[in-house]
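Undergrad: Below you'll find the structure I mean.
The values are calculated or read from the model by the stated rules, or taken from the named source; none is laboratory data. Computed from a prediction, not measured in an experiment: that's the story for all the values here. Note: ideal-geometry Cβ built from the backbone for every residue, glycine included; neighbour counts use all protein chains shown. When the accessible area is computed, the model is the full protein with side chains, heavy atoms only, and any ligands, DNA or RNA have been set aside. Shrake-Rupley method; radii C 1.70, N 1.55, O 1.52, S 1.80 Å.
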Amino acid sequence: MRQPAVAGQFYPLRPENLEKELKQCFEGLEIRERDILGAVCPHAGYVYSGRVAAHVYAALSKADTYVLFGPNHTGYGSPVSVSIDTWKTPLGSLEVDRELAEGLSGSIIDMDELGHRYEHSIEVQLPFLQYRFDQDFRILPICLGLQDEETATEVGSLIANLVSKSGKKVTFIASSDFTHYQPANLARETDEEIIEAILNLDVSGIYERLYRRNASVCGYGPISAMLTASKKLGATRAELLKYSNSGEVSGDMDAVVGYAAIVVE
């Protein structure tokens, strides 16, 4: 059992308080399900980025399995790892799609729990999925410590091939915040360049812009893996649903973190 690492920090620990906070994140948003293959969601504390994330979750339709790609902030565990533990949140337990996980055996992706144990990027997405779809789905959590283009595209291709053979309805979710601790205007300028490459489904373009701008997007590998997998399964367009930053909540516009909600269809 993978226990919650950041309940009580990034989101409320008590189920009733968590449901109340999630309800506030969705307030005023219409649930309009779309045929979404992939998405980018932020992973900060819900008070900062929950409202942005809710734009994606309000548009998601029910899938058999949600593949969650997250960056490894902690440095623990394998360079690329999949978890096969049951994941617990304050809203209940979620089972991993072991059939898909076992298909990764012998690949670049190791079965390793340590990379996931203290990492928040995937965990914070799960209560949103539970709020929308209860417990009636599987997850495949993949944590990327290595985020170079070659690794990210290999991971995305591997997953797409497995999903294609499985015949399951799967949605890919990349967990990432955007620019970290820059003035709001500079953060937006940098983030708009990266987001433009994402909207063009241009993985190489993401890396070119990241390096040129020295951008501090933390989940560029997960985003690239998600885009690679989505394109292999027929994605042709992407849309930015919402962009915001932490300063809009904290009032500090001198050092913000950027958040984007993007869907790929």
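Undergrad: Scan region 62-79 for residues that are surrounded by 16 or more Cβ atoms within 10 Å (Cβ to Cβ) and within 18 Å of residue 39 (Cα to Cα) and jot them down.
TA: Within region 62-79, 63, 64, 65, 66, 67, 68, 69, 70, 71 qualify.
Undergrad: Consider region 230-239. How many of its residues are assigned to a helix (DSSP H, G or I) and either under 14 Å from the mean Cα position of the chain (by Cα) or on the phi > 0 side of the Ramachandran plot (or both)?
TA: 1
Undergrad: Report the residue count in region 118-141 for those that are within 11 Å of residue 72 (Cβ to Cβ) and either in contact with a strand residue (DSSP E or B) (Cβ under 8 Å, 6 or more places away or on another chain) or charged (D, E, K, R) (or both).
TA: Residues that pass the stated criteria total 3.
Undergrad: Considering only region 1-46, state which residues are surrounded by fewer than 15 Cβ atoms within 10 Å (Cβ to Cβ) and charged (D, E, K, R).
TA: Those that are surrounded by fewer than 15 Cβ atoms within 10 Å (Cβ to Cβ) and charged (D, E, K, R): 14, 16, 20, 23, 27, 30, 32, 33, 34, 35.
Undergrad: Limited to region 198-229, what total is found for residues that are part of a helix (DSSP H, G or I), open to solvent by less than 60 Å² (accessible area, probe 1.4 Å), over 24 Å from residue 50 (Cα atoms) and in contact (Cβ under 8 Å) with a residue 12 or more places away in the chain?
TA: Within region 198-229, residues that are part of a helix (DSSP H, G or I), open to solvent by less than 60 Å² (accessible area, probe 1.4 Å), over 24 Å from residue 50 (Cα atoms) and in contact (Cβ under 8 Å) with a residue 12 or more places away in the chain number 7.
Undergrad: In this structure, is residue 96 in contact with a His (Cβ under 9 Å, 6 or more places away or on another chain) and of a type in the set (Val, Ile, Thr)?
TA: For residue 96, the condition - in contact with a His (Cβ under 9 Å, 6 or more places away or on another chain) and of a type in the set (Val, Ile, Thr) - is not met.
Undergrad: Considering only region 217-265, state which residues are among the acidic types (Asp, Glu) and over 17 Å from residue 173 (Cβ atoms).
TA: If the condition is that a residue be among the acidic types (Asp, Glu) and over 17 Å from residue 173 (Cβ atoms), then 248, 252, 254 are the ones that fit.
Undergrad: Would you check if there is a residue in region 116-128 being open to solvent by 10 Å² or more (accessible area, probe 1.4 Å) and at positive phi?
TA: No, region 116-128 has no match at all.
Undergrad: Please state which one of 107, 93, 49 is farther than 20 Å from residue 233 by Cβ, polar (S, T, N, Q) and open to solvent by less than 40 Å² (accessible area, probe 1.4 Å).
TA: 49
Undergrad: While we're on this one: Please list, ordered by first then second residue, the pairs with beta carbon atoms under 9 Å, 6 or more apart or interchain, first in region 137-162 and over 23 Å from residue 60 (Cβ atoms), second part of a strand (DSSP E or B).
TA: 145/71; 145/80; 145/81; 146/80; 147/71; 151/80; 151/144; 154/80
Undergrad: Right, here's the next one. Among the numbered criteria (1) within 18 Å of the chain's Cα centre (by Cα); (2) more than 23 Å from residue 61 (Cβ to Cβ), which one does residue 212 miss?
TA: With respect to (1) within 18 Å of the chain's Cα centre (by Cα); (2) more than 23 Å from residue 61 (Cβ to Cβ), residue 212 is out only on (1).
Undergrad: Which of the residues belonging to region 86-134 are closer than 23 Å to residue 61 by Cα and either part of a loop (DSSP other than H, G, I, E, B) or acidic (Asp, Glu) (or both)?
TA: Selection gives 86, 90, 91, 95, 97, 99, 121, 122, 123, 134.
Undergrad: If residue 62 satisfies all but one of (1) over 21 Å from residue 162 (Cα atoms); (2) in contact (Cβ under 8 Å) with a residue 12 or more places away in the chain, what's the number of the condition it fails?
TA: The one condition residue 62 does not meet is (1).
Undergrad: Taking the stated definitions as given, is residue 113 in contact (Cβ under 8 Å) with a residue 40 or more places away in the chain and more than 19 Å from residue 233 (Cα to Cα)?
TA: In short, yes.
Undergrad: Listed residues 194, 173, 139; which is open to solvent by less than 10 Å² (accessible area, probe 1.4 Å), in a helix (DSSP H, G or I) and on the phi < 0 side of the Ramachandran plot?
TA: Going through 194, 173, 139 in turn, the sole match is 194.
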